[in-house]
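A short worksheet on the structure shown next.
Just so it is clear, none of the values below were taken in a lab; they were calculated from the coordinates. No experiment lies behind these values; they were computed from the predicted model shown. We place every Cβ from the backbone using ideal geometry, glycine too, and count neighbours over all the protein chains shown.
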Amino acid sequence: MKRVDKQISESKSFVQNRRAFLKTGAIATSGMLLPRFMWASGAFDTSVVSSSSGIYVTPTILLHKTAVLVAGSDFIGSDIQRALASDINNLAPGNAFFSGLHMPFSQKDKLAALQRLKEKVTLGTMSKQESERLAVILGGLAGTAALDVLKEEGSQEQQIAHDAALLDIFYSKGKKASSKDDEEVASLFKEITPRTFTRFHTIKPDEKLGPEWVLRMQSYRESTDEYYNSLAKKFVEFNGNLNAYPSPFITPGDTILVKVSTLSDIDEIDRKEANGLVQNNTSIAGKALAKSYNAIIGVNDFWRGALTIDELEMKLK
């Protein structure tokens, strides 16, 4: 009887864990459409006036794919692996890493913060708060590395093309859309973001700001309607058509883009393969992802004592 009770208890635990995984997984995936300022300013602060660069989700997508590469890299240490999964306020796995995209500091300031943190902590036994701090710094360094390649001087039309191409490559799951589907796709995009905000709000509600939050959400949706309409049209245009992707932003066959295009877990990447992934990429997206991934590799080398802070700074240039 005790054995049966134990099996029932384990079964219930599995179901509960599976539900928790599905819930947080859905939040993390839908979070790819969140403008990066949302990760830093708070999930409910929709008062930030949107601009083309504010809505631009390509940096968030590339940072997500950087985390995917790091998770599959067997040579990257446990402190960094745990940090990239840090979940500030229990909102969504990895949100501390994404928050780093919005750090308003120079690369030199971020490196100084990294060095101070390393001197303060006991490697291998970091607290939750220390892991979160490391994650934000990692996101800042990797995000800046990617943005250095993207430059973000492009027009809103170019940025929409970037977003649409990456969403199609990484998240369409091979499903094809017809030219008649752009309104449905636009509706989907417009629903994903508020539903993600609502999930955040459900997990960590702020009852005092409830009415104001609803009004801000409505304002945000009105200010982003045009962007999502344009994004949907471009997504349908690109959908499954490699030749339609913007060049040189996307070059079909770039090693690192091919590596992260699967929805499955990436097999273990050793140092030799990692070195190959960060080289010989010809597209802007490929180079941006490679530089972001290489930044984390550099921090890992610094963290284990193989690089000085000055050598890391040179590696990040």
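Taking other residues whose beta carbon is less than 12 angstrom from the beta carbon of residue 293, and scoring Lys, Arg as +1 and Asp, Glu as -1, yields +3.
Using 0.36 nm per residue and subtracting the Cα-Cα separation, the extra length available between residue 118 and residue 172 on full extension is 15.5 nm. Above 16 Å, the calculated P(r) of region 108-164 contains 55 percent of its Cα-Cα pairs.
The distance between label points at residue 308 and residue 226 comes to 5.2 nm (points 7 Å beyond Cα on the Cα→Cβ vector).
Within the shell of other residues whose beta carbon sits under 11 angstrom from the beta carbon of residue 124, the net charge comes to +1, with Lys and Arg scored +1 and Asp and Glu -1. Separation of the alpha carbons by more than 30 angstrom is noted, of 233/315; 234/259; 233/317, for 233/315; 233/317. In this structure, the residue pairs whose Cα-Cα separation is over 21 Å, taken from 108/291; 108/128; 151/190; 118/287, are 108/128; 151/190; 118/287. A full extension of the chain between residue 105 and residue 317 corresponds to an added length of 74.7 nm, given 0.36 nm per residue minus the alpha carbon distance.
What FRET efficiency do you get for residue 81 and residue 183 if R0 is 41 Å and r is their Cβ-Cβ distance, rounded to the nearest 0.05?
Details: r = 42 Å, r/R0 = 1.02.
After rounding, the FRET efficiency stands at 0.45.
The H on the amide N of residue 269, modeled in the peptide plane, is under 5 Å from the matching H of 73, 74, each at least 5 residues off or on a different chain.
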